[in-house]
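Down below is the structure, laid out as structure tokens.
Just so it is clear, none of the values below were taken in a lab; they were calculated from the coordinates. Model, not experiment: these values are computed from the prediction. Here the Cβ positions follow ideal geometry from the backbone for every residue, glycine too, while neighbour counts run over all protein chains shown.
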Amino acid sequence: MHTQRLAARGEPCQGKRELTKLRNRETLIAAATDIFLEKGFEATTVRDIVNATDLALGTFYNYFADKEALFAAIVDEHIGRVAESVREFRRKATSQAEFVRFGYEAYFRGLAANPVSFELARRHETSIGSLNRIPMFCLAMEHLVEDIDDAKTRGWLPDADSEYIAAAFVGVGHEISRVMVSRRPLDPDYAARFAAALFHAGLCELPRN
């Protein structure tokens with residue numbers, strides 16, 4: 001059972017009620033991740049997910065309105081973890097080359113460390129619609145635009161459209177990551193070098209504002 005798997009991990013000190021709520025939510029997310037991968041999004045029912053846990057069917061609706069909301073939560077958590085790491089490494093940059101390379105290295109290594117959530121989102125991306133509907137993706141894009149603006153003030157990036165640069169940065173990474181996760185063994189460092197070289201070369205040709 002997924003509840004037993006999570007119980008062994010240990011949790012920080014919290015009130016018993018809050019701890020139970022956290023465990024129940026994580027239990028549902030863990031069960032749904034496995035079942036979505038096994039059966040596919042469309043074929044999976046809420047009852048399938050609940051039956052893989054020791055929770056009651058009614059408990060599901062205390063946390064998620066439907067399976068679409070649960071699926072979005074899985075993708076949101078995945079994006080949040082990766083985006084936090086990417087921004088942390090991007091802020092260590094001291095040049096244009098490092099700004100681009102550090103971001104891609106953190107992104108591809110994050111996917112390689114936990115490719116399940118990415119594969120789930122990739123396989124069923126039509127089920128969640130545009131990534132722009134995922135809160136953590138929207139926040140990650142806002143942070144990327146902010147960091148690009150900062151890099152421009154430091155003279156690392158050309159004075160071009162920041163939103164276009166951000167969209168291109170993410171687009172290159174996303175499409176290359178789809179190829180990367182389909183290969184064995186996973187090679188995030190090669191993917192990062194390829195993406196960084198491609199993007200870095202293109203920056204020189206951007207039209208200025």
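Summary table
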{"read-out": "Value at 222 nm in deg cm²/dmol, rounded to 500, when DSSP H runs of n ≥ 4 in the chain each add -39,500 (n - 2.57)", "value": "-23000 deg cm²/dmol"}
{"read-out": "Cα-based helix-to-principal-axis angle, 96-113 vs the chain, degrees rounded to 10", "value": "20 degrees"}
{"read-out": "Farthest positive-ward along the chain dipole, Cα basis, beta-carbon charges - from ILE74, SER177, LEU157", "value": "ILE74"}
{"read-out": "At R0 = 25 Å, FRET efficiency that the Cβ-Cβ distance of ARG87 and TYR61 yields, to 0.05", "value": "0.15"}
{"read-out": "Relative contact order of the chain, defined on C-alpha pairs under 8 angstrom at six or more residues apart (%)", "value": "20 percent"}
{"read-out": "Where labels lie 7 Å past Cα in the beta-carbon direction, separation of LEU22 and GLU146 in nm", "value": "2.5 nm"}
{"read-out": "Distance histogram for the chain (every C-alpha pair counted, 10 angstrom bins, percent rounded to whole numbers)", "value": "8, 30, 30, 20, 10, 2"}
{"read-out": "Rounded to 10°, Cα long-axis angle of helix 162-180 versus longest principal axis of the chain", "value": "60 degrees"}
{"read-out": "Between helix 188-203 and the chain: long-axis angle, C-alpha atoms, 0 to 90°, nearest 10", "value": "40 degrees"}
